[in-house]
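Chemist: I have a structure here, written as structure tokens, and I will follow up with some questions on it.
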């Protein structure tokens, strides 16, 4: 079951869902539209190693936009900071974004109860496409959780992505033991 617009508004009122900045016209019948933040990043290395800390370089999207290339992988960020304390948030691309050939996540569309931060986007494109800061990029949908949560994501000692800033964050796979 997905929360409706009225239920999302109730949860915002209760403080279990937080969205900053919040704009009422971004609330759909069962989702909330999020926007591309001003910062993008690319990995510094051509070949990435899952056991090593792969560094990234940040850059800002200029006012005239930035052309994403199909042979590059980009990390982006949502303009919105969100907190979800009682539901499972899912981030999906908007159909308008997909119809431009833009994928906003490779695998990480699901958040955890207790996620607090800006969402890092895993962006790839099918052909060159110009993007702009502040453009609608995705939509958040919320699922209720059945049962009590023992430890929320923001309370876990090993939560690698809790409190993400308004800049893209690189993979923290290297912090895992394998």
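Chemist: What number of residues within the stretch 95-137 satisfy the criterion of being buried (at least 16 other Cβ atoms within 10 Å of the Cβ), modelled with pLDDT under 95 and assigned to a loop (DSSP other than H, G, I, E, B)?
Modeler: 7
Chemist: Let me ask you something else. Please name all residue pairs, on different chains or six or more residues apart, with Cβ atoms under 6 Å, provided the first residue is in the stretch 155-169 and is more than 23 Å from residue 134 (Cβ to Cβ) and the second residue is surrounded by fewer than 17 Cβ atoms within 10 Å (Cβ to Cβ).
Modeler: Going by the 6 Å Cβ cut-off, the qualifying pairs are 160/172; 160/175.
Chemist: Suppose we keep only residues that are closer than 17 Å to residue 76 by Cα and assigned to a strand (DSSP E or B) within the stretch 138-174. Which one would you say is modelled with the lowest pLDDT?
Modeler: The qualifying residue modelled with the lowest pLDDT is 164.
Chemist: If we keep just the residues of the stretch 18-28 that are over 11 Å from residue 140 (Cα atoms) and in contact (Cβ under 8 Å) with a residue 60 or more places away in the chain, which is surrounded by the most Cβ atoms within 10 Å (Cβ to Cβ)?
Modeler: Selected residue: 18.
Chemist: Regarding the stretch 25-42, can at least one residue be identified that is modelled with pLDDT of 95 or more and within 27 Å of residue 178 (Cβ to Cβ)?
Modeler: Yes: one or more hits.
Chemist: Any residue at all in the stretch 57-73 that is at pLDDT 95 or above, within 20 Å of the chain's Cα centre (by Cα), closer than 30 Å to residue 2 by Cβ and not in a strand (DSSP E or B)?
Modeler: Scanning the stretch 57-73, I find at least one residue that is at pLDDT 95 or above, within 20 Å of the chain's Cα centre (by Cα), closer than 30 Å to residue 2 by Cβ and not in a strand (DSSP E or B), so the answer is yes.
Chemist: Shifting gears a bit: I need a count of the residues in the stretch 28-56 that are in a loop (DSSP other than H, G, I, E, B) and in contact with a strand residue (DSSP E or B) (Cβ under 6 Å, 6 or more places away or on another chain).
Modeler: Looking only at that region, the number is 5.
Chemist: For the stretch 74-94, which positions are part of a loop (DSSP other than H, G, I, E, B) and either within 24 Å of residue 162 (Cβ to Cβ) or in contact with a helix residue (DSSP H, G or I) (Cβ under 7 Å, 6 or more places away or on another chain) (or both)?
Modeler: If the condition is that a residue be part of a loop (DSSP other than H, G, I, E, B) and either within 24 Å of residue 162 (Cβ to Cβ) or in contact with a helix residue (DSSP H, G or I) (Cβ under 7 Å, 6 or more places away or on another chain) (or both), then 85, 86 are the ones that fit.
Chemist: Could you check residue 11 against (1) surrounded by fewer than 16 Cβ atoms within 10 Å (Cβ to Cβ); (2) more than 18 Å from the chain's Cα centre (by Cα) and say which number it fails?
Modeler: (1)
The values are calculated or read from the model by the stated rules, or taken from the named source; none is laboratory data. Nothing here was measured: the structure is a model prediction, and the numbers come from that model. With ideal geometry, Cβ positions are generated from the backbone for all residues, glycine too; neighbour counts draw on all protein chains shown.
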